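Remarks on the structure that follows.
The values are calculated or read from the model by the stated rules, or taken from the named source; none is laboratory data. What you see is a predicted model; the values in this text were computed from it and never measured. Here the Cβ is made from the backbone with ideal geometry for all residues, glycine too, and neighbour counts use every protein chain on show.
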Amino acid sequence: MSTGNARSDASGTTSVENVDMKLEVVVVPVSDVDRAKEFYGRLGWRLDQTPPGVVQYTPHGSGCSVQFGPDLTSAAPGSANSYLIVSDVQAARKALVAAGVEVGETFHLGPDGPVDGPDPERRSYFSRATFRDPDGNTWLLQEITTRLPGRIEAGPTSYGSASDLASALRRAADAHDKHEKRTGETDPNWPDWYAAYLVSEQTGTEPPQ
């Protein structure tokens, strides 16, 4: 029997940690499907074709979708807590507010708890903001530009959308400008430098110097 993308260990036995599993859908408990459709549509998320009784939206650039419907879950409406990863929490918050979504102020994690405003160093995983759907399900925006080591497997890297790639290229351009100022020389091999920088962000490896 085929195991798809599963890989075998040295003994030839497929081990569970080698079975590729990609998160596809998160079910959100809501009390009013039509009201939820209006809200999630306002976020600019894509409405997908689904069987009757199932509503599915996919955030821009996401490989995972959310579903809701009258018979999908017994969880209490408003009990869900989920994370949305963004490359710029300030820009994401501004866009959501412009779309009529009530979003809390940006904050970051300090040694003694939450602190107002984004992280001064804009470190990945630190800057956040939250909003809720009409039922009270909580969505936390978390700014991530560089993954911690080991969070993304080494190998092919990809970006979920053109805007995500554009943000990464802007960060690479800024880092490369600093690189040229440190060396005092124009770098003719900037495409290679950019490529190494982009890969390092996704895999958490050491960026080029």
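Tabulated data for the structure shown
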{"read-out": "Cβ pairs under 7 Å, 6+ apart, first in segment 106-123 and part of a strand (DSSP E or B) and of a type in the set (A, V, I, L, M), second at pLDDT 95 or above and surrounded by 10 or more Cβ atoms within 10 Å (Cβ to Cβ)", "value": "LEU109/PHE126; VAL115/PHE107; VAL115/HIS108"}
{"read-out": "Residue check for ASP187: in contact with a Pro (Cβ under 9 Å, 6 or more places away or on another chain), of a type outside the set (Gly, Ala, Ser) and either at pLDDT below 85 or within 29 Å of VAL19 (Cα to Cα) (or both)", "value": "no"}
{"read-out": "Residue within segment 106-118 that is within 27 Å of GLU38 (Cβ to Cβ) and modelled with pLDDT of 95 or more present", "value": "yes"}
{"read-out": "Residue in segment 163-185 that is of a type in the set (D, E, K, R), in contact with a helix residue (DSSP H, G or I) (Cβ under 7 Å, 6 or more places away or on another chain) and more than 30 Å from PRO29 (Cα to Cα) present", "value": "no"}
{"read-out": "The listed residue being touching a residue at least 40 places away in the same chain (Cβ under 8 Å), at negative phi and part of a helix (DSSP H, G or I), out of ARG147, ARG93", "value": "ARG93"}
{"read-out": "Candidates ARG123, ARG170, ARG182, filtered to the one that is in the same structural domain as LEU84 (by TED's automatic domain parsing) and surrounded by fewer than 17 Cβ atoms within 10 Å (Cβ to Cβ)", "value": "ARG123"}
{"read-out": "Residues that are more than 18 Å from PRO191 (Cβ to Cβ) and modelled with pLDDT under 80, drawn from segment 159-171", "value": "GLY160, SER161, ASP164"}
{"read-out": "Matching entry among VAL30, VAL19 (being surrounded by 11 or more Cβ atoms within 10 Å (Cβ to Cβ), at pLDDT 95 or above, farther than 30 Å from GLY117 by Cβ and within 23 Å of the chain's Cα centre (by Cα))", "value": "VAL30"}
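Matching residues to (1) out of contact with any helix residue (DSSP H, G or I) (no Cβ under 7 Å at 6 or more places or on another chain); (2) part of a loop (DSSP other than H, G, I, E, B):
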| site | (1), (2) |
| --- | --- |
| VAL30 | no, yes |
| GLU38 | yes, no |
| PRO51 | yes, yes |
| GLN56 | yes, no |
| SER62 | yes, yes |
